[in-house]
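S.K.: Here it is: the structure, laid out below.
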Amino acid sequence: MLLVELLRKKVYAMVAPEGDAFARGVGRYSFFDAVEEAARMVWIGYLVYSYVDDAVVKSFFVILWIFSVVKLCKRASCIELAKRSFDLARNASLISGYMAQLVLADQQHLGLGPLDGDAVDGGGERSNNILSTCNYVVMGESQMRREETPYGLQLPELASILECQLRHHRDGSLTEEESTVAETSKLVRVCTVWQLSESDPVFRYHERRRHKLQETCLGLALFKLLRRRLEGHHMVEAGAGGGRRQARDLVRWGLLQELGAERAFDVVEQELTFLDEYYQAIIPLALPKPKLFFANFAFSIFFILVYCIAVMLVTGNGDMFHVLASLLRGLVDLSADMVLQYRCFLHQASFLVGMVLSSSDLIITFLLTITLLTVETYEFIHYLLSDWHLASVLCNYARKPALQKQARVRRAVEAALWVKVRSNPVIKVHQFTLLKTHQLHPRRIWMLLSRLLKRRLVGLPDVAVTAEAKKAIVEVLKTVLDRPDGHSRFTNGREALRRNSFEHLEWACDDSGGGATVILVWHLATLLLETRNDDRGQHQLPPAGEAAVTLSRYCAYLVAYEPGLLPDDPAWTDRKYRDMRAELASFFRSCCTTTHRRDRLMATGFHHGDQKEHSSSKLMAKGVMLAKELEKAAGGSTAPYAQHERVWGMLLELWAELLVFVARAPSGGPDAHALALANGGEFITHIWAMLTHAGLGTDDSTRDIPITQELPTIREIPIRADGRAV
């Protein structure tokens, strides 16, 4: 029972919380949880004291009970320290104060303006030095002196650090006093990491190491900023003025332009990995002081060994070696008997069952002890291989110039990076298609398994997001961020149609029914165009076509399974999806293959121009009409391949634009993304995180709420002297 209690605590600590508790981290452990666990331990101790009569057996039960109590006290103290720690529970409020100082000083970064000196909103080229002067904090903020003010926490040392950086950036030199301030500061910023990557020989001549250093530390810095959004803290850089401009420029010219599409998504993937792992109790607790984690592991292993030795001493009357020899001899004899008598195993079954039942307590105790030891070892190895440990090692190396001169330390850093540089993050998205009838009805068993396995809909296929899709999304994000304030930043595909001379298809982007209707219409049309190529021997899909199909099926998956991540009301989105599903299910009837279903849809009499009001048309009819227009534009099998590529290139740009459009403001708020992340993560969260860091999508101002009815006018009601209406 004591071993089961230890394992229960360990598993409970490893399971991430769900729902709104996800955004609270260590705050999910309340005082009542500690009281409940303490009461359980008292009850177990009472049972041991009252019902175990044998003094010898009671002795090793007492040892295990003491171990359980010590583990309980250690865990409670760690949680209490975490709640007070500015590295953990209070870090979001500290980062809010830190960012307020950066915005007030207008020094989120010191990147130069356009090369030609003109401030051009529409896309003047800028020098790529944004990240090398970025002041976002990576680590060390909790070790600085803090002051509490009516407006939040402030770091007095930060002003001198920023002043030194500004003077060095302007003059190119530092005084002796300023050099001392820079060297003795425990603060590690993004600019510190970039300077290290360009100057230290460990990273300078090894591109993969340099990229891993930059991506890990930048991801940790962005994770700390995004935590404020999830935990309800104010994001001062999202306000109007210079703060938002600098935040937007950092994402536009630093993350997207300087790093490129692939690395930008790798950084955000790293950021979301930090965010997900933060809510596993053991890993973030070790971030500020890794030595405590190693001490915890040594403590656990020591007590397990002491317990095993105590059991062997008690059972062997003080002769531990006699017990070990007996166990070894028993294993050898049992193995020999099994080898010699395997042919008559059935005759020995009753004997074996009786032997197992007679020693069941010992076997269960042995298995539980091995399980506990395995869990402790797994946590230790998991931490050593985690990005948290890597970030801690890299930041300690970055802020201590003396360590950078020691060959032994450099070899240790290279060893820490050896495993990580060989693993590349792969971002996958689920695929859902309306032409497969078995996917039209969500299977609750798959949804239940998804919850248990912490994966997104295990019953649906998933594919990796291609480089073409990432590049298309990054181009849309650049366009959105290049638009000046006060203009409509987001469009639902109309801009892509206009750029590619498909203005005559803008009727299919009518969003009077919300973004879900646009997704369903274009998804059906894209599928019909794709299946034409597969079934008729037409031109093979170009890379842009494969990326467009991937994004199309992913957007359809969001409508069907994750309406809370879309800007429309979830009930409305679900209703539109059910309407479309009902239309297709009744229309397909006996059609059993994708080819038959496509042929039947394309054989209908729906044509563009048959109905004057397309907004009143059914979604299926609009999708078929759009598919016929796209098929006409792509041409037949004799059409040039360039014409075929042009249509698919337009579709890729449209789907990228539409995905950014629906990612701008989730109807479920940040909690919807937090819950999705706790269950395995969604690709749309990457886009939402980028927009959040750019100061967009942090309030409801980006949500378009059309007013379709005139509001009643308020007429003035005359009032008499006594205050009553006339």
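S.K.: Select from segment 128-146 the residues that are under 16 Å from Leu102 (Cα atoms) and among the charged types (D, E, K, R) and write down the one among them that is surrounded by the most Cβ atoms within 10 Å (Cβ to Cβ).
M.R.: The extreme case among them is Glu141.
Residues are listed down the side, and each one gets a yes or a no for (1) surrounded by fewer than 21 Cβ atoms within 10 Å (Cβ to Cβ); (2) in contact with a strand residue (DSSP E or B) (Cβ under 6 Å, 6 or more places away or on another chain); (3) modelled with pLDDT of 95 or more:
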position: Gly493; (1), (2), (3): no, no, no
position: Ser501; (1), (2), (3): yes, no, no
position: Glu506; (1), (2), (3): yes, no, no
position: Gly513; (1), (2), (3): yes, no, no
position: Ala516; (1), (2), (3): no, no, no
position: Ile519; (1), (2), (3): no, no, yes
position: Thr531; (1), (2), (3): yes, no, no
position: Arg536; (1), (2), (3): yes, no, no
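S.K.: Does at least one position in segment 275-282 carry a residue that is surrounded by 21 or more Cβ atoms within 10 Å (Cβ to Cβ), at pLDDT below 95, under 15 Å from the mean Cα position of the chain (by Cα) and assigned to a helix (DSSP H, G or I)?
M.R.: Looking through segment 275-282, at least one residue is surrounded by 21 or more Cβ atoms within 10 Å (Cβ to Cβ), at pLDDT below 95, under 15 Å from the mean Cα position of the chain (by Cα) and assigned to a helix (DSSP H, G or I).
S.K.: Taking Pro401 as the residue in question, decide whether it is farther than 25 Å from Tyr278 by Cα, modelled with pLDDT under 90 and either more than 26 Å from the chain's Cα centre (by Cα) or β-branched (Val, Ile, Thr) (or both).
M.R.: Working: farther than 25 Å from Tyr278 by Cα: yes; modelled with pLDDT under 90: yes; either more than 26 Å from the chain's Cα centre (by Cα) or β-branched (Val, Ile, Thr) (or both): yes.
So Pro401 passes the test.
The values are calculated or read from the model by the stated rules, or taken from the named source; none is laboratory data. Source: prediction; values computed, not measured. Cβ atoms come from the backbone with ideal geometry, glycine included; neighbour counts cover every protein chain shown.
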